[in-house]
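The block underneath contains the structure these notes are about, expressed in structure tokens.
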Amino acid sequence: METHRRASLKDVAALAETSIATASRALSGTGYVAEATRQRILDAARTLNYQPNLRARGLRQRVSHSVGLIIPNLLNAYYTALADSISQQLAARGYHLLLSSTRDDAATEQETVVDMVGQAVDGLIWVPSTAETDLLTYLADQHTPAVAIVRRLANDPIDTVVFEDRAGSRAATQHLLSLGHQRIAYIGGDMMYSSNRDRWQGYLEALRQAGLELDESLVKLGTNRGTWGTMATNDLLRLDPAPTAVFVASNAIMPGVIRTLRQAGVSLPGEMSLICFDDVDWFSFSVPPITAISTAYTALAEAAVDLLMTRITGTSGGADRPPVFMEVNFEFVLRRSTAAPRTGPLQFRDLHLVEAASAEGVS
């Protein structure tokens, strides 16, 4: 037996060839919409037999006591820990959590936000990927408060809580410089995200302050995935001379980095120092334990939930105050993966293993 999905606001907007935000304004009767556009949207709604979700309509008369959390990746250990902490913070306030991931895909992000609002969440906590202006307008039209975490949106249009990305990255690089390293490689993620841009800037600032010019061959910017760590590390090991230290700007990249170094027979920290932005549980029992910039996800979770609850309840003027921007402090965790630079060239145990690691990264 075939079942028919209930038409959504997104379906109406697609048929009318307009944005979700414009469709929302036309159907709710709020805000300006050109008459021709309004008529096209109303026709599309009739064609699809669209029925608005009254629970999700703006200016709700009741609350659902639920909050949506949108993150890029459920496989990233840091996001998993962050989600768990946010869930506990919400439960303590009588709210439950709806969780979804976007895989950093723009269409998935838009659909997820609309679906969350359609489920009458009282607010959103959100790691933005590509958030367009129309999506923010849609949230405003639906009177759904949102807090951006980990990454910033342009001009910080909503409450935002991030880590001290630039300062933490600068501290990591300065640590390596203090040990005597000058050929410090950097493996980072996509520059479209503010967290990656700020960590990159922190690395550059530390080099400039030390009077060192950037060697672009030591810089690998790609994606926050383990396979990128494999490919980037393989390229760095083939440099002549190879770097004496590697700064990895995300825990998600680290598995590929460590796997490649081990397959190549590179000892830590004797032949290569290694430091990471983020600190996850397995770093402490790795061999050797990994020096890291630790960011307190519990502090970020608490700050984000506090901001959102203020918006939802309207306490302390929260409903009308300008957007708030906050940074959560980092902690430098010294372990045994960093030491003075090696004095001679890097020796490989087996170059064929390095080639195998590269092939794995491409697949």
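Which condition number does Ala107 fail, the rest of (1) touching a Pro at 6+ places or on another chain (Cβ under 7 Å); (2) surrounded by fewer than 17 Cβ atoms within 10 Å (Cβ to Cβ) being met?
Evaluating Ala107 over (1) touching a Pro at 6+ places or on another chain (Cβ under 7 Å); (2) surrounded by fewer than 17 Cβ atoms within 10 Å (Cβ to Cβ) leaves (1) as the failure.
State all residues of region 279-324 that are hydroxyl-bearing (Ser, Thr, Tyr) and closer than 19 Å to Ser85 by Cβ; if no residue qualifies, say none.
Selection gives Ser284, Ser294, Thr295, Tyr297, Thr298, Thr310.
Could you list, ordered by first residue, the pairs with Cβ atoms under 8 Å in which the first is in region 207-226 and assigned by TED's automatic domain parsing to the domain that holds Ala185 and in a helix (DSSP H, G or I) and the second is aliphatic (A, V, I, L, M) and surrounded by fewer than 16 Cβ atoms within 10 Å (Cβ to Cβ), at least 6 apart or interchain?
Correct list of pairs: Leu207/Leu214; Ser217/Leu239; Leu218/Leu239.
Condition first: surrounded by fewer than 21 Cβ atoms within 10 Å (Cβ to Cβ) and touching a Gly at 6+ places or on another chain (Cβ under 9 Å). Now tell me which residues in region 123-139 satisfy that.
Thr137
Here are some conditions: (1) touching a residue at least 24 places away in the same chain (Cβ under 8 Å); (2) within 28 Å of Met192 (Cα to Cα); (3) of a type outside the set (Lys, Arg). Gln263 meets all but one. Which one does it not meet?
The failed condition is (2).
Restricting attention to region 238-295, report how many residues are part of a loop (DSSP other than H, G, I, E, B), touching a helix residue (DSSP H, G or I) at 6+ places or on another chain (Cβ under 6 Å), modelled with pLDDT of 95 or more and β-branched (Val, Ile, Thr).
1
Every residue in region 174-206 that is assigned to a loop (DSSP other than H, G, I, E, B) and either under 22 Å from Thr343 (Cβ atoms) or not hydrophobic (A, V, I, L, M, F, W, C) (or both), please.
Leu179, Gly180, His181, Gln182, Arg183, Gly189, Asp190, Tyr193
Residues checked against (1) under 32 Å from the mean Cα position of the chain (by Cα); (2) within 30 Å of Asp306 (Cβ to Cβ); (3) modelled with pLDDT of 80 or more; (4) hydroxyl-bearing (Ser, Thr, Tyr):
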| position | (1), (2), (3), (4) |
| --- | --- |
| His4 | no, no, no, no |
| Asp11 | yes, no, yes, no |
| Glu17 | yes, no, yes, no |
| Thr22 | yes, no, yes, yes |
| Arg25 | yes, no, no, no |
| Arg40 | no, no, yes, no |
| Val63 | yes, yes, no, no |
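Restricting to region 88-145, give me the number of residues that are of a type in the set (Gly, Ala, Ser) and outside any helix (DSSP H, G or I).
8
Of all residues in region 154-186, count the ones that are touching a Lys or Arg at 6+ places or on another chain (Cβ under 8 Å) and within 23 Å of Thr298 (Cα to Cα).
Of the residues in that region, 7 qualify.
Between Arg170, Arg166, Arg151, which is in a loop (DSSP other than H, G, I, E, B), surrounded by 18 or more Cβ atoms within 10 Å (Cβ to Cβ), at negative phi and modelled with pLDDT of 90 or more?
None of the other options fit; the residue is Arg151.
Has region 303-320 got any residue that is modelled with pLDDT under 95, in contact with a helix residue (DSSP H, G or I) (Cβ under 7 Å, 6 or more places away or on another chain) and aliphatic (A, V, I, L, M)?
The answer is yes, given that some residue of region 303-320 is modelled with pLDDT under 95, in contact with a helix residue (DSSP H, G or I) (Cβ under 7 Å, 6 or more places away or on another chain) and aliphatic (A, V, I, L, M).
Counting only residues that are aliphatic (A, V, I, L, M), closer than 12 Å to Thr338 by Cβ and in contact with a Leu (Cβ under 7 Å, 6 or more places away or on another chain), which one in region 249-301 is surrounded by the fewest Cβ atoms within 10 Å (Cβ to Cβ)?
So, considering only residues that are aliphatic (A, V, I, L, M), closer than 12 Å to Thr338 by Cβ and in contact with a Leu (Cβ under 7 Å, 6 or more places away or on another chain), the one surrounded by the fewest Cβ atoms within 10 Å (Cβ to Cβ) is Leu268.
The values are calculated or read from the model by the stated rules, or taken from the named source; none is laboratory data. Just so it is clear, the model here is predicted, and its values are computed rather than measured. We place every Cβ from the backbone using ideal geometry, glycine too, and count neighbours over all the protein chains shown.
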